[in-house]
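> Take this structure first; my questions come after.
The values are calculated or read from the model by the stated rules, or taken from the named source; none is laboratory data. None of these values were measured; they are calculated from a predicted model. For neighbour counting, all protein chains shown are included, and Cβ atoms are generated from backbone atoms with ideal geometry for every residue, glycine included. Quick note on the areas: whole protein, heavy atoms, side chains included, nothing else; ligands and nucleic acids left out. Shrake-Rupley method; radii C 1.70, N 1.55, O 1.52, S 1.80 Å.
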Amino acid sequence: MSRRPIAQINIDALHHNFQHLQRIAPQSKILAVLKANAYGHGLLAVAEQLKVAGAFGVARIDEALLLRAGGVVKPIVLLEGFFHADELPQIVASNLQVVVHHLSQVDALLAAELEAPVHVWLKIDSGMHRLGIYPEQFSDVYRRLMASPNVLKPLRLMTHFACADEPDNPATSNQLVLFKRLIQGCEGELSIANSAGILAWPQSHGDWIRPGLALYGVSPMVDGRSSLHGLRPVMTFSSSVIAVRQVKKGDKVGYGASWTAPHDTQLAVVAIGYGDGYPRNAPSGTPVLINGNRYPIVGRVSMDMTTVDIGSENVQIGDQVVLWGETLAVEEIAALVQTIPYELLCNITSRVQLRYVTD
C-alpha cells in the first residue's frame, strides 16, 4: 500500500466558496485566480470545475499556456503582464489578456506590429508600491492606450490593496479614494477587490472581483478563520503512520536531539516532511489529527518523516494523519510556523498526490 501523502481536493467545497463569494458581490463578475498551480490545488482541475467564472487570472504566460493546452477557452488574464515584447505574438495567438503596469510595457505594446489588438487591464499603483502605473502617469498612459490600434477598447482599470486584510487600517480607504479620483470620467470596467477586499470592503467590489485564497476556503484576513466568513476549506493534506515506537523518559528524538521525552511514551512516525511541502520549521507542539484526535509533533520535521507524540493511545500503522484541512485549520498551522496560509498551500510538492473528491 502506498504511503504517498495526499492533498484531497473537495470539489463541492470549491463550488460552495465560489457561489458564496458571488453572493457577497452579486453585481460583480469573478476573475478566479489560479496562479501557483491554483494555490497548490491543481491548475487544470480547478479550471475545469470553475467554468462559471468570468475569467481566470494567472501570474505568468507559462501558466496561461498550460491552461490553453488543456483545452481551456475562457478569458485568461496575465496578472504580471508580459515580461518582454517577444511574448506579444504568443499573447495574441493564444487570445490572452494582459495587465499593463509599467511604461516599458506601454511602449512595447504600442510599438508592436500585431495581428490583432490586445485586451488590456491597466493597473494603477494606488499605494501598495509594488506594481502599477504611478498616479501622475495615469492620464497620459490612459490616453496613449486608448488611441492605439493595438489595444481593445475600452480598457479595464485596476489596482491592488496592500492592507485589506486589516479592516481597521486606513490605508485601504486611502487607496480607494485615490483610485476613484484618478479614473473619474474614464471608460472601462473596474477591478479592485482581492479576497480580503471582497470580504471586508464591499465598496471595492466594482465590475470584477479577484478571489484567490478565499476561493480555496482559507481566510485572507489577519488572524482569520474560514468559518468566520462562511468558507469551506477545499484541501485536506494528509499522510499515514508508517511506524509506532516506544521511547523512555529522557530519550532524545530526531535530528539535533532537539526533543527529550518527559516520560515514557509512544511516537507515531508519519510519512510527511519538508520534501512534501510540510514546513520544516513546524515547532514541537504543532498539532496533527490521527483518527480525529489531536496529537503534537515532537522533534524536527525531516525531509520525509515527522514524529508525533501519541502517549498511550492506540494508533496503528496505516492510520490516516491530517496535517490541515476542514477539521484542522491551515490558518492555525500557519500561525504556529510564523508564516501565512498562502505559503503552506503553494509549497505542496509534486511528491504529493492530488485526489479530487465530492461530499
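> Sort through W208, W201 and tell me the only one that's touching a strand residue (DSSP E or B) at 6+ places or on another chain (Cβ under 7 Å) and over 30 Å from G311 (Cβ atoms).
Result: W208 is the single residue among W208, W201 that is touching a strand residue (DSSP E or B) at 6+ places or on another chain (Cβ under 7 Å) and over 30 Å from G311 (Cβ atoms).
> Next up: Name every residue in the range 274-304 that is modelled with pLDDT under 95 and not small (G, A, S), in order of residue number.
N291 - this is the single residue of the range 274-304 that is modelled with pLDDT under 95 and not small (G, A, S).
Residue-wise test of (1) touching an Asp or Glu at 6+ places or on another chain (Cβ under 9 Å); (2) closer than 23 Å to W324 by Cβ; (3) of a type in the set (V, I, T); (4) modelled with pLDDT under 95.
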| site | (1), (2), (3), (4) |
| --- | --- |
| P202 | no, no, no, no |
| G217 | yes, yes, no, no |
| D223 | yes, yes, no, yes |
| R232 | yes, yes, no, no |
| S239 | yes, yes, no, no |
| I242 | no, yes, yes, no |
| K248 | yes, no, no, no |
| V269 | no, yes, yes, no |
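> Considering only residues of the range 117-137 that are assigned to a loop (DSSP other than H, G, I, E, B) and touching a residue at least 40 places away in the same chain (Cβ under 8 Å), which is nearest to A55 (Cα to Cα)?
H119
> Quick one: how many residues across the range 97-126 are open to solvent by 30 Å² or more (accessible area, probe 1.4 Å) and either closer than 22 Å to P170 by Cα or polar (S, T, N, Q) (or both)?
1
> Which residue pairs have Cβ atoms closer than 7 Å, lie 6 or more positions apart in sequence or on different chains, and pair a first residue in the range 138-157 that is more than 17 Å from L88 (Cα to Cα) with a second residue that is charged (D, E, K, R)?
Cβ pairs passing all conditions: M146/K153; P154/E187; R156/E189.
> Scan the range 181-202 for residues that are surrounded by fewer than 16 Cβ atoms within 10 Å (Cβ to Cβ) and within 27 Å of the chain's Cα centre (by Cα) and jot them down.
Selection gives E189, P202.
> Regarding the range 334-343, can at least one residue be identified that is more than 24 Å from L231 (Cβ to Cβ) and open to solvent by 50 Å² or more (accessible area, probe 1.4 Å)?
no
> For the range 259-311, give me each residue that is over 24 Å from the mean Cα position of the chain (by Cα), farther than 19 Å from V247 by Cα and of a type in the set (S, T, Y).
Those that are over 24 Å from the mean Cα position of the chain (by Cα), farther than 19 Å from V247 by Cα and of a type in the set (S, T, Y): none in the range 259-311.
> Here's a check for you: in the range 28-64, which residue that is within 30 Å of Q203 (Cβ to Cβ) and in contact with a Cys (Cβ under 7 Å, 6 or more places away or on another chain) is most open to solvent (accessible area, probe 1.4 Å)?
The residue in question is A36.
> Looking at the range 318-359 only, could you name the residues that are in a loop (DSSP other than H, G, I, E, B), more than 30 Å from H263 (Cβ to Cβ) and touching a strand residue (DSSP E or B) at 6+ places or on another chain (Cβ under 9 Å)?
Answer for the range 318-359, where residues must be in a loop (DSSP other than H, G, I, E, B), more than 30 Å from H263 (Cβ to Cβ) and touching a strand residue (DSSP E or B) at 6+ places or on another chain (Cβ under 9 Å): E326, I348, V352, T358, D359.
> Now, a different point. Checking D359 against (1) over 21 Å from V46 (Cβ atoms); (2) at pLDDT below 95; (3) not small (G, A, S), only one condition comes out false. Which one?
It is condition (1) that D359 fails.
> Cβ-Cβ distance below 8 Å, separation of 6 or more or different chains: which pairs start in the range 54-69 with a residue that is over 19 Å from L213 (Cβ atoms) and end on one that is open to solvent by 10 Å² or more (accessible area, probe 1.4 Å) and part of a helix (DSSP H, G or I)?
I61/E87; I61/Q90; L65/Q90; L66/L43; L66/L44; L67/L43; L67/L44
> Taking Y134 and the conditions (1) under 30 Å from V222 (Cα atoms); (2) buried (at least 22 other Cβ atoms within 10 Å of the Cβ), which numbered condition does it fall short on, given that it satisfies the others?
Exception for Y134: condition (2).
> Just name the residue that is least open to solvent (accessible area, probe 1.4 Å) out of those in the range 344-356 that are hydroxyl-bearing (S, T, Y) and either touching a residue at least 60 places away in the same chain (Cβ under 8 Å) or farther than 29 Å from A47 by Cβ (or both).
T349
> Considering only residues that are in a loop (DSSP other than H, G, I, E, B) and surrounded by 14 or more Cβ atoms within 10 Å (Cβ to Cβ), which ones fall in the range 78-96?
L79, E80, G81, F82, S94, N95, L96
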